[in-house]
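Here is the structure we will look at, set down as structure tokens.
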Amino acid sequence: MRTLDGLYCLNDLHEVSGASKKHQPANFLRLETTQELITEVENSSDLRNIAVNKNQSRSGGTWVCKELVYAYAMWISPKFNLEVIRSFDHSVSA
């Protein structure tokens, strides 16, 4: 996955996940829950980078912070979503 200024390319993740039209990064970014997460990330005091950067340069793509990479991966993969939930549960239950 390409990185640029501390951001990650969602288009790369979309490609390796099978490039399903319903899972295009633009669809994810339009979701109300995604917009709310972006607001939370941008308002967090520990933020070092912007949450989203749609790059119009030659390399193009939608570049996002790490938190949005995880959210996108959980959106496109119920299996990954479940693994994250179980990992979190294990870490707080141990």
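The values are calculated or read from the model by the stated rules, or taken from the named source; none is laboratory data. What you see is a predicted model, and the numbers here were worked out from it, not measured in a lab. All Cβ positions, even for glycine, are placed from backbone atoms using ideal geometry, and neighbour counts span all protein chains on display.
Screening region 1-32 for residues that are within 14 Å of Ile76 (Cβ to Cβ) and of a type in the set (S, T, N, Q) and picking the one that is surrounded by the most Cβ atoms within 10 Å (Cβ to Cβ) gives Asn11. Of the residues making up region 72-80, one or more are modelled with pLDDT of 90 or more, within 19 Å of Val16 (Cα to Cα) and more than 14 Å from the chain's Cα centre (by Cα). In region 1-22, the residues that are farther than 18 Å from Glu67 by Cβ form no Cβ pair under 8 Å with any partner that is modelled with pLDDT of 95 or more and in a strand (DSSP E or B), whether six or more places apart or across chains. Here Ser59 meets the list (1) hydroxyl-bearing (Ser, Thr, Tyr); (2) modelled with pLDDT of 90 or more; (3) surrounded by 10 or more Cβ atoms within 10 Å (Cβ to Cβ) almost entirely, failing just condition (2).
Only residues that are modelled with pLDDT under 90 and among the polar types (S, T, N, Q): list them for region 1-38, please. Within region 1-38, just Thr3 meets the criteria.
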